[in-house]
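These notes are about the structure you will find just below.
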Amino acid sequence: MRGGWCREVVSRSRIWTSAATALALLAGAPAAFAASVDYGPISHSGLKNLGAASTSLKLPLQLGLIVSQSNLQNAVKAASDPSSSSYGKYPSLSTLQSKYGASSSKRNAVVNAFKSNGITATVDVTHLRVSATVSVSKAQKMFGTKWNVYKTSTGSKVALPVDTPKLPSGISGNVDTVAGMRVQLSSGSSSSVGRAAVVADGGTPTRTGTPAFGCVPTSFPAALASSSGLYPNQILTAYGIAPLQAAGLNGQGVGLAIVGEAPTPAADVNTFRSCFGTQGTALKIHNAGSIQPILESSLDAMVASMVAPALARFDLWVQPIDESDDDGDVEGFLLMLAQPLQATTNGTSLPAVISVSYGECESIVQPFTAARTLVERQLTATAALGITTVVAAGDTGSSACARGVPASQLTSSDKKPQVSWPASSPWVLAVGGTNLTLNADNTIASSGAWNDTAYPAPFEKTAGGGGGSSAFESRPWWQPAQPFASSSKRMVPDVSAFADASPGYPIVCSSGVKNCTGSGQSIAFVGGTSAATPLVAGMIALWNQQARSQGLPRPGFVPPLLTSLAQHNPQTVLDITQGTNALFGGSCCPTRTGFDLATGWGSPIANVIASALAR
């Protein structure tokens, strides 16, 4: 199976599912491929034909409407550039729809083309995309081709159009991207399978500083015997969050959304908040159904609530991800990412920040151009609304494809430098990982790139903060070129924060949660860039509150702001200059003074940034 999530690291052990190299034989397009429409990898060249697909098989189609993407991108640039006269002036959702979305004639033409075939199609809230679930029987009539089932070299079975689809009247000329024409029916095998200490490179794998244990001595006494865990009071002090909270900044008036593949028990979140004194706005969990809760969502919710306990809205949007899909289920991620915006149709207000722990090795998703393009457009629209999407950069250092692969089965391809997508998207803030050593007053004594290969036994693990250069994403306008990386490609991460599972974050974990052990509730110590990401997302919520309270421009999409501050006001970040995130040797990626591919600009210091917001 190919995992699609930046999993939390539990007790210094990652519990990610496997990653594998993309099926190169699916990357090519058929000879008759129409250049004006991207269907993704629908070629069946080299595949074994198993005969006709069931006519009842459903195709989950996502169609990208033709609009000026450059106009939308320019809107993000103008509003997010601190030196621009338009800084902080983000359009409303209705303005985005009318000014940058597809016209009503285009939308109606596409919807009516489906309607004439007895299919209900819906336009997303940005007016950039249309969704429709179509049976193969009706798809064959609409698109002028049959669908067959094919077997790949790994044994997986996929349903693909036999010939290049022909867009019918109403859709032709109004759509340039169609994802979902290819459906994976089963997975096969792959080259990769399910997958008192001393300071080292700035970090200490056991607890340092002075914790406030909260209810732990009375409610979870067994946890006191552990030397693991940097507790909430320590994290809040280390990163300058505590002074903001003391000044009354707790996220009031700001919304924060988490998107995840499964829920967390509300009781666990409430126990954590009561235990450590971070009570406040209740977490609203949407679309959980009967899905089993996971630690990942618990970690996200508890860390975010620790930073910004009094948010105006605090939401967890659930969308299952099919981890057996050979693309990591990019289309599932698209639906997940769209939920906070789509919820506005029911009166839900837009969040200021979205926290995402989804990630997949770039070589896995690269061939799936149609679905990936639609995700990028969704991220662009989100940024255009002044919302920062914060994405975890991954937990296998500079080798994203090594995620979840047992050390004895790692291939040379797994170990190659690669980054995680969508952290590499130009339209997100990518968060990497650091280790951390604290002074007795919980200020930072030292910090380095998270790389557990630097620790002595028994703490040595193949885990570290993600980072490197993208293989296909262009370097955004706000990211300065660096002499040690390609001048044309996106570099990640942008910033980093404490992610090391040695000693990790303490969270409340109950027996009904996947990968929790024991009975009832207990304290688990977890880590990963999936912890650093909601930490930074919470900071962004506080910066938005600060800007509003002082009548300053809205920070909105913050990567350009943080880049400018790091360059011109360097005390806003803790520059990380110790260690590397290379887990398997090689020249990538050492820390450096200033920006580097292991930790970005370093760790944001929340209160200093709050006092330096652009005016």
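Can you tell me how many residues within the stretch 535-554 are part of a loop (DSSP other than H, G, I, E, B) and open to solvent by less than 20 Å² (accessible area, probe 1.4 Å)?
0
Tally time: how many residues in the stretch 131-167 are closer than 24 Å to SER36 by Cα and touching a helix residue (DSSP H, G or I) at 6+ places or on another chain (Cβ under 8 Å)?
Matching residues across the stretch 131-167 total 10.
Considering every residue within the stretch 165-184, establish whether at least one is modelled with pLDDT of 90 or more, open to solvent by 30 Å² or more (accessible area, probe 1.4 Å), in contact with a Cys (Cβ under 6 Å, 6 or more places away or on another chain) and of a type outside the set (Asp, Glu).
Within the stretch 165-184, not a single residue is modelled with pLDDT of 90 or more, open to solvent by 30 Å² or more (accessible area, probe 1.4 Å), in contact with a Cys (Cβ under 6 Å, 6 or more places away or on another chain) and of a type outside the set (Asp, Glu).
Scan the stretch 595-615 for residues that are open to solvent by 20 Å² or more (accessible area, probe 1.4 Å), modelled with pLDDT of 95 or more and assigned to a loop (DSSP other than H, G, I, E, B) and jot them down.
Within the stretch 595-615, TRP601, ILE605, ALA612 meet the criteria.
For ILE291, all conditions in the list (1) surrounded by fewer than 20 Cβ atoms within 10 Å (Cβ to Cβ); (2) farther than 30 Å from VAL130 by Cβ; (3) among the β-branched types (Val, Ile, Thr) hold save one; what is the number of the exception?
(2)
Given LEU316, LEU299, LEU311, which one is buried (at least 24 other Cβ atoms within 10 Å of the Cβ) and assigned to a loop (DSSP other than H, G, I, E, B)?
Only one candidate qualifies: LEU311.
Could you please find all residues in the stretch 240-260 being open to solvent by 20 Å² or more (accessible area, probe 1.4 Å) and assigned to a loop (DSSP other than H, G, I, E, B)?
ALA247, GLY248, ASN250, GLN252, GLY253
Restricting to the stretch 359-382, name every residue that is among the small types (Gly, Ala, Ser) and open to solvent by less than 20 Å² (accessible area, probe 1.4 Å).
Once the filter is applied, which keeps residues that are among the small types (Gly, Ala, Ser) and open to solvent by less than 20 Å² (accessible area, probe 1.4 Å), the stretch 359-382 yields GLY359, ALA370, ALA371, ALA381.
Suppose we filter ALA532, ALA537, ALA598 for residues that are aliphatic (A, V, I, L, M), farther than 30 Å from ALA310 by Cβ and touching a strand residue (DSSP E or B) at 6+ places or on another chain (Cβ under 9 Å); which single one remains? Please lay out each step first, then the result.
Details: ALA532 fails: farther than 30 Å from ALA310 by Cβ; ALA537 fails: farther than 30 Å from ALA310 by Cβ.
The conditions single out ALA598.
List pairs: first residue in the stretch 123-146 and within 13 Å of PRO161 (Cα to Cα), second residue of a type in the set (S, T, N, Q) and not in a loop (DSSP other than H, G, I, E, B) anywhere in the structure, Cβ distance under 6 angstrom, at least six positions apart or on different chains.
Hits for this filter: LYS146/GLN140.
Out of (1) of a type in the set (S, T, N, Q); (2) over 20 Å from the mean Cα position of the chain (by Cα); (3) assigned to a strand (DSSP E or B), what's the single condition that is false for SER413?
All conditions pass for SER413, except number (3).
Residues LEU96, LEU160, LEU59: which one is of a type outside the set (Ser, Thr, Tyr), open to solvent by less than 10 Å² (accessible area, probe 1.4 Å) and within 25 Å of the chain's Cα centre (by Cα)? Don't jump to the end; show me each part of the working.
Values: LEU160 fails: within 25 Å of the chain's Cα centre (by Cα); LEU59 fails: within 25 Å of the chain's Cα centre (by Cα).
Step by step, each of LEU96, LEU160, LEU59 is checked, and only LEU96 is of a type outside the set (Ser, Thr, Tyr), open to solvent by less than 10 Å² (accessible area, probe 1.4 Å) and within 25 Å of the chain's Cα centre (by Cα).
For the stretch 108-123, which positions are surrounded by fewer than 21 Cβ atoms within 10 Å (Cβ to Cβ) and of a type outside the set (S, T, N, Q)?
Result: ALA109, VAL111, LYS115, GLY118, ILE119, ALA121.
Looking at THR380 and the list (1) part of a helix (DSSP H, G or I); (2) in contact with a Pro (Cβ under 8 Å, 6 or more places away or on another chain), which single condition is not satisfied?
The number of the failed condition is (2).
Which numbered condition trips up SER226, out of (1) at pLDDT 95 or above; (2) open to solvent by less than 50 Å² (accessible area, probe 1.4 Å)?
Here SER226 meets the rest and fails (1).
Go over the candidates ALA266, ALA343 one by one and state the one that is in contact with a strand residue (DSSP E or B) (Cβ under 7 Å, 6 or more places away or on another chain) and surrounded by fewer than 21 Cβ atoms within 10 Å (Cβ to Cβ).
ALA266
Filter the stretch 254-282 down to residues that are within 20 Å of the chain's Cα centre (by Cα) and farther than 28 Å from SER549 by Cβ, then give me how many there are.
The qualifying residues number 5.
Hey, can you tell me all the residues within the stretch 346-376 that are part of a helix (DSSP H, G or I), closer than 11 Å to GLU331 by Cα and out of contact with any strand residue (DSSP E or B) (no Cβ under 7 Å at 6 or more places or on another chain)?
Hits for the stretch 346-376 are ARG372, VAL375.
Among the candidates ALA24, ALA20, single out the residue that is open to solvent by 30 Å² or more (accessible area, probe 1.4 Å), more than 30 Å from ALA614 (Cβ to Cβ), at pLDDT below 90 and of a type in the set (A, V, I, L, M).
ALA24
So which pairs qualify, if the first residue must be in the stretch 214-239 and farther than 14 Å from ASP441 by Cβ and part of a loop (DSSP other than H, G, I, E, B), the second must be of a type in the set (Val, Ile, Thr) and open to solvent by 20 Å² or more (accessible area, probe 1.4 Å), the Cβ gap must be under 6 Å, and the two must be at least 6 apart or on different chains?
PHE220/ILE523
State whether the residues of the stretch 543-563 include one that is under 22 Å from SER447 (Cα atoms) and in contact with a Pro (Cβ under 6 Å, 6 or more places away or on another chain).
no
Do we have LEU47 as open to solvent by less than 60 Å² (accessible area, probe 1.4 Å), at pLDDT below 95 and more than 22 Å from ARG107 (Cα to Cα) here? Break it down stepwise before answering.
Values: open to solvent by less than 60 Å² (accessible area, probe 1.4 Å): yes; at pLDDT below 95: yes; more than 22 Å from ARG107 (Cα to Cα): yes.
Yes.
Residues of the stretch 144-157 being open to solvent by less than 30 Å² (accessible area, probe 1.4 Å) and over 14 Å from ASP327 (Cβ atoms), which ones?
Selection gives THR145, TRP147, ASN148, VAL149, TYR150, GLY155.
Among THR237, THR271, THR281, which is the only one that is closer than 30 Å to THR210 by Cβ, open to solvent by 30 Å² or more (accessible area, probe 1.4 Å) and touching an Asp or Glu at 6+ places or on another chain (Cβ under 8 Å)?
So the residue among THR237, THR271, THR281 that is closer than 30 Å to THR210 by Cβ, open to solvent by 30 Å² or more (accessible area, probe 1.4 Å) and touching an Asp or Glu at 6+ places or on another chain (Cβ under 8 Å) is THR237.
Does the stretch 555-571 include one or more residues that are buried (at least 24 other Cβ atoms within 10 Å of the Cβ), farther than 25 Å from ALA381 by Cβ and out of contact with any Phe, Trp or Tyr (no Cβ under 7 Å at 6 or more places or on another chain)?
For the stretch 555-571, residues buried (at least 24 other Cβ atoms within 10 Å of the Cβ), farther than 25 Å from ALA381 by Cβ and out of contact with any Phe, Trp or Tyr (no Cβ under 7 Å at 6 or more places or on another chain): absent.
Quick one: which strands (runs of 3 or more DSSP E) sit completely within the stretch 458-517 and have at least 3 residues that are open to solvent by 10 Å² or more (accessible area, probe 1.4 Å)?
Correct list: 468-474.
The values are calculated or read from the model by the stated rules, or taken from the named source; none is laboratory data. Quick caveat: nothing in here was measured; it's all calculated off a predicted structure. Backbone-built Cβ (ideal geometry, glycine too); neighbour counts: all protein chains shown. Quick note on the areas: whole protein, heavy atoms, side chains included, nothing else; ligands and nucleic acids left out. Shrake-Rupley method; radii C 1.70, N 1.55, O 1.52, S 1.80 Å.
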